[in-house]
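First up is the structure itself, then whatever we jot down about it.
The values are calculated or read from the model by the stated rules, or taken from the named source; none is laboratory data. Keep in mind the model is a prediction, meaning the values are calculated, not measured. When we count neighbours, we look across all protein chains shown, and the Cβ atoms used for this are built from the backbone with ideal geometry, even at glycine. Ligands, DNA and RNA are stripped out before the accessible areas are found, and what is left, the full protein with its side chains, is counted by its heavy atoms. Shrake-Rupley method; radii C 1.70, N 1.55, O 1.52, S 1.80 Å.
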Amino acid sequence: MNKIKKQPVIPRFILFLILVLLAIMIVSSMASVLFPIDLGQTSLTERLLKPAFMEGGNPGHLLGTDHLGRDFAIRLVYGTRNTLMIAGTGLLIAMTVGTALGVAAGMNKGFLDSFIMFLVDVRLSVPSTIIGIVCASIFGSGKMTIVLIIGFTGFASFARLVRGQILQLRESNFIECSQALGASKVRILFEHVLINIASPLIINGTMRLSSFILLESSLSFLGLGIQPPDVSLGVMVSAGRDYLINAWWLTIVPSMIIVVIVLSVSLIGDWLRDKLDPKLQTNS
């Protein structure tokens with residue numbers, strides 16, 4: 001008899017992407033410990049030095065220096081930390097607010113459900129970038145502003161998802177049995193509903209994280225996000241665009257970091273969807 005080969009729990013490629021993301025997160029989160037520098041300090045005598053791996057590069061600066069003579073590799077670590085921190089915090093806010101509104105709409109029929117879904121439809125009718133530009137122009141740019149913008153623009157997808165999941169669960173037999181036994185809405189919510197919608201929430205959160213990273217980078221690129229001397233990946237791309245001919249790495253390297261992070265998060269999200277969604281699972 002032929003032995004059936006067991007499929008690995010996590011495919012090697014997905015495991016590699018997870019390790020890459022973990023490495024990026026760990027190194028960037030320890031930026032202030034590994035590289036305790038003043039981000040505003042400049043050295044015009046060392047401006048636009050080539051990376052160490054290029055001919056004529058400075059071995060003291062792995063990725064060279066920027067237009068103000070600051071070590072580019074160190075600023076890249078700080079920029080990655082800020083981008084991930086802002087996108088991650090905004091994701092938590094969006095998920096919390098969206099889940100609360102989705103539960104309120106799904107568990108209550110009538111005016112409340114209609115009103116919440118009207119707000120969701122209004123939000124989805126306006127592009128996130130336009131909302132970010134308007135809000136940043138009115139309330140000013142900064143970390144907290146971008147976090148709140150991401151939370152505000154991202155709640156709608158979670159609210160719609162949670163409401164849809166609850167509408168399906170509300171007609172399930174185990175929910176009807178709990179209601180027949182006299183269970184309150186709060187008990188049903190915590191014992192049955194939230195557990196069953198956890199997987200779709202995790203999948204949606206993973207998929208949305210990549211779009212939040214791109215939103216933060218876009219706003220920072222336009223000058224409406226983090227302000228110098230503080231740094232993010234979008235700020236670095238924007239600052240290096242004037243030196244594409246002579247110092248291409250100032251734009252290409254942070255752009256590649258954004259691509260790697262977004263692509264890794266998206267592929268991991270696709271794998272989680274295939275793994276956790278019972279509708280997509282097939283019997284071998």
If VAL126 meets every condition in (1) modelled with pLDDT of 85 or more; (2) touching a helix residue (DSSP H, G or I) at 6+ places or on another chain (Cβ under 7 Å); (3) not charged (D, E, K, R) apart from one, which number is that one? (2)
Hey, SER266 under 13 Å from the mean Cα position of the chain (by Cα) and either open to solvent by less than 40 Å² (accessible area, probe 1.4 Å) or at pLDDT 90 or above (or both) or not: yes
Need the failing condition index for ASP71 against (1) without any contact (Cβ under 8 Å) to a residue 40 or more places away in the chain; (2) out of contact with any strand residue (DSSP E or B) (no Cβ under 8 Å at 6 or more places or on another chain), just the number. (2)
Among the residues of region 65-75, what is the count of those that are buried (at least 21 other Cβ atoms within 10 Å of the Cβ) and either outside any loop (DSSP other than H, G, I, E, B) or among the basic types (Lys, Arg) (or both)? 5
Restricted to region 120-141 and to residues being more than 19 Å from GLY234 (Cβ to Cβ), aliphatic (A, V, I, L, M) and touching a residue at least 12 places away in the same chain (Cβ under 8 Å), the residue least open to solvent (accessible area, probe 1.4 Å) is VAL120
Tally of residues being crowded, with 21+ Cβ neighbours inside 10 Å and more than 25 Å from GLY57 (Cα to Cα) across region 222-233: 3
I'm trying to understand the selection: among the residues of region 20-50, which are assigned to a helix (DSSP H, G or I), over 30 Å from the mean Cα position of the chain (by Cα) and surrounded by 13 or more Cβ atoms within 10 Å (Cβ to Cβ)? GLU46
Does region 246-257 include one or more residues that are closer than 20 Å to PHE13 by Cβ and surrounded by 17 or more Cβ atoms within 10 Å (Cβ to Cβ)? yes
Looking only at region 242-262, which residues are without any contact (Cβ under 8 Å) to a residue 40 or more places away in the chain and within 19 Å of the chain's Cα centre (by Cα)? SER255, MET256, VAL259
Within region 82-114, residues surrounded by fewer than 16 Cβ atoms within 10 Å (Cβ to Cβ), closer than 14 Å to PHE152 by Cβ and hydroxyl-bearing (Ser, Thr, Tyr) come out as THR96
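Let's see how each residue does on (1) hydrophobic (A, V, I, L, M, F, W, C); (2) at pLDDT below 90; (3) within 30 Å of GLN165 (Cβ to Cβ):
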site	(1), (2), (3)
GLU46	no, yes, no
LYS50	no, yes, no
MET54	yes, yes, no
ASN58	no, yes, no
LEU62	yes, yes, no
PHE72	yes, yes, no
GLY88	no, no, yes
PHE115	yes, no, yes
